[in-house]
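What follows is a single structure, written as structure tokens, with notes after it.
The values are calculated or read from the model by the stated rules, or taken from the named source; none is laboratory data. What you see is a predicted model, and the numbers here were worked out from it, not measured in a lab. Cβ coordinates were reconstructed from backbone atoms using ideal geometry, including for glycine residues, and neighbour counts include every protein chain displayed.
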Amino acid sequence: MDARHYRKTVALYTHALRKLLDKRDELNRKIEHTTELIAANANFLPEGERSAQVQKLAEMVAGPPGFTDSVRNVLRNIPSQALTAKMVRDLLREAGFDLSSYNNPLASIHTILKRLAERGEVDVSERNEEVHYKWSQQ
């Protein structure tokens with residue numbers, strides 16, 4: 001095939017992409033407007049209910065946490081216990097985190113834990129020839 005065919009294909013899909021991006025922009029405006037309406041009305045609720053609604057709204061808009069934040073949450077939710085990478089993996093699965101898209105989720109968890117340790121977010125210890133990670137109480 002010659003370059004003309006590819007130019008036409010690129011032009012066609014560029015046009016389609018522009019339309020999709022316009023739709024996305026419109027949806028983002030609607031999401032922002034609806035979020036503002038919910039937040040404004042939640043201000044009239046009793047304090048406890050208001051806080052719960054604001055938290056729920058934040059979670060809905062932000063979407064599910066990523067891999068690193070999910071590992072953080074596992075450690076943060078059990079601050080008194082030191083966990084191995086395998087334990088973190090199992091707790092992630094129990095929490096409903098989908099690990100199926102990772103070729104080697106345990107290796108990824110090890111990498112995340114090492115980075116969190118380097119940042120001082122977790123404390124590292126060794127027991128029975130296994131490395132354990134615990135949420136730092138700083």
Would you point out the residue of segment 111-136, among those that are assigned to a helix (DSSP H, G or I) and under 18 Å from the mean Cα position of the chain (by Cα), that is surrounded by the fewest Cβ atoms within 10 Å (Cβ to Cβ)?
Arg115
Odd one out for Val74, checked against (1) among the hydrophobic types (A, V, I, L, M, F, W, C); (2) surrounded by fewer than 18 Cβ atoms within 10 Å (Cβ to Cβ); (3) under 15 Å from the mean Cα position of the chain (by Cα)
(2)
Cβ-Cβ below 6 Å, separation at least six or inter-chain, first residue in segment 89-114 and assigned by TED's automatic domain parsing to the domain that holds Asn73 and under 24 Å from Ser125 (Cβ atoms), second in a loop (DSSP other than H, G, I, E, B) and at pLDDT below 95: which pairs?
Pro105/Leu99; Ser108/Tyr102
For Leu37, indicate whether it is part of a helix (DSSP H, G or I), out of contact with any strand residue (DSSP E or B) (no Cβ under 9 Å at 6 or more places or on another chain) and either surrounded by 13 or more Cβ atoms within 10 Å (Cβ to Cβ) or touching a residue at least 24 places away in the same chain (Cβ under 8 Å) (or both).
no
Taking only segment 77-88 into account, find how many residues are in contact (Cβ under 8 Å) with a residue 12 or more places away in the chain and surrounded by 13 or more Cβ atoms within 10 Å (Cβ to Cβ).
6
